[in-house]
Amino acid sequence: MDPRYSSHLPVLRAAIERTSGPILELGCGESSTPFLHAQAARLSRRLVSIETERDWWQKFQGLANETHWVRLIPDWKNWDAFCRQKWDVVLVDSAPDLTRAAVLPWLGHVRYVLVHDTEPEQAENYPGLTKALADYPAEAEYRPAGLPWTRVLSCTDGDLAWVKELA
């Protein structure tokens, strides 16, 4: 497993362990989708993975079951119905790149929102993300040395000290 594409798994695991409700994945990934599938199965949690790209969606169809839905929704603007549902953890690692900022206003009710690839040199790749991240009252950055960062956001849990303790 390439650590550049799995750097968010420790903080994702920690967020899942601090909650008991459903999980939403916005953008399937080589590391995150199988990891979330295993965690959701182990903990008997509902998981929905949403993808815009048909090739990525097809790659993970074999994981779909009654508790893990894998959905192809090509137009990310139609994700709002899923985003507005009750979720305890949401991973935002989606394409196209502008979706990362666009979906954050829909997720203010979620206990932990994790946004992957938030290191400063990535800012120009994700239009509007810096401003959208600032709208959350609680935030903490998971910064594994030499690897992509993950920002944890919350409007419901003001104590995110656990995120910094992971690195």
Residue that is farthest from Leu12 (Cα to Cα), among those in the range 126-167 that are among the polar types (S, T, N, Q) and in contact with a strand residue (DSSP E or B) (Cβ under 9 Å, 6 or more places away or on another chain): Thr156
Cross-chain or 6+ apart pairs with Cβ under 9 Å, the range 64-87 first and farther than 14 Å from Arg46 by Cα and touching a residue at least 12 places away in the same chain (Cβ under 8 Å), then basic (Lys, Arg) and loosely packed, with under 13 Cβ neighbours inside 10 Å: Leu72/Arg54; Pro74/Arg54
The range 107-125 residues that are within 15 Å of Val11 (Cα to Cα) and touching a residue at least 12 places away in the same chain (Cβ under 8 Å), paired with ones that are part of a loop (DSSP other than H, G, I, E, B) and among the small types (Gly, Ala, Ser) (beta carbon under 8 Å, 6 or more apart): Arg111/Gly21; His116/Ser7
From Leu133, Leu98, Leu129, residue being touching a Pro at 6+ places or on another chain (Cβ under 6 Å) and either over 21 Å from Val48 (Cβ atoms) or crowded, with 23+ Cβ neighbours inside 10 Å (or both): Leu98
Candidates Tyr126, Tyr142, Tyr136 - the one that is aromatic (Phe, Trp, Tyr), closer than 27 Å to Asp2 by Cα and at pLDDT 95 or above: Tyr142
Residues located in the range 104-125, provided they are within 18 Å of Cys28 (Cβ to Cβ) and out of contact with any strand residue (DSSP E or B) (no Cβ under 6 Å at 6 or more places or on another chain): Asp117
All positions within the range 147-159 that are modelled with pLDDT of 95 or more, within 15 Å of Ala134 (Cβ to Cβ) and not basic (Lys, Arg): Val152, Leu153, Ser154
Some residue of the range 140-150 being over 23 Å from Gln39 (Cα atoms), touching a residue at least 60 places away in the same chain (Cβ under 8 Å) and among the β-branched types (Val, Ile, Thr): no
First in the range 14-31 and more than 18 Å from Arg151 (Cβ to Cβ), second anywhere and in a strand (DSSP E or B), Cβ under 6 Å, 6 or more apart: Cys28/Ser49; Cys28/Glu51
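The values are calculated or read from the model by the stated rules, or taken from the named source; none is laboratory data. Just so we're clear, the structure is a prediction, and the values are computed from it rather than from any experiment. Virtual Cβ from ideal backbone geometry, glycine too; neighbours counted across all protein chains shown.
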